[in-house]
Amino acid sequence: MSEDREKLEKELSEMLSDVEEKSEKERLEETRKSLPHKYEIRVQTELDPIVEETLKYRSMAKEIDGRYDNYLKKAVRDDKGPE
């Protein structure tokens, strides 16, 4: 049992010494990287990937419940412009 305790103490000591060895600059950099991003980048596409994938699946098989019908109608209308 004392061997386990000595092993754990040694591991803890190594972990603590690793933390102490990091410079202030490294700690600040890690903190900065862990913060959530302030801005989000969005890319506008010409084709809606959901519509394209749905159309591909529909060409292979018939949809049972029609759950994407409203989405496709709205997306196709948006592509053509206001009706």
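The values are calculated or read from the model by the stated rules, or taken from the named source; none is laboratory data. Quick caveat, the model's predicted, so the values are computed rather than measured. Reconstructed Cβ throughout: ideal geometry from the backbone, glycine too, with neighbour counts over all protein chains shown. Ligands, DNA and RNA are excluded from the accessible area calculation, which covers all protein heavy atoms including side chains. Shrake-Rupley method; radii C 1.70, N 1.55, O 1.52, S 1.80 Å.
Taking each residue of region 36-50 that is within 26 Å of residue 68 (Cβ to Cβ) and looking for partners that are among the β-branched types (Val, Ile, Thr) and open to solvent by 100 Å² or more (accessible area, probe 1.4 Å) with beta-carbon atoms closer than 8 Å, six or more apart or interchain, yields nothing. Among the residues of region 42-51, is any at negative phi, modelled with pLDDT under 80 and basic (Lys, Arg)? Within region 42-51 (the criterion being at negative phi, modelled with pLDDT under 80 and basic (Lys, Arg)), the answer is no, since none of the residues qualifies.
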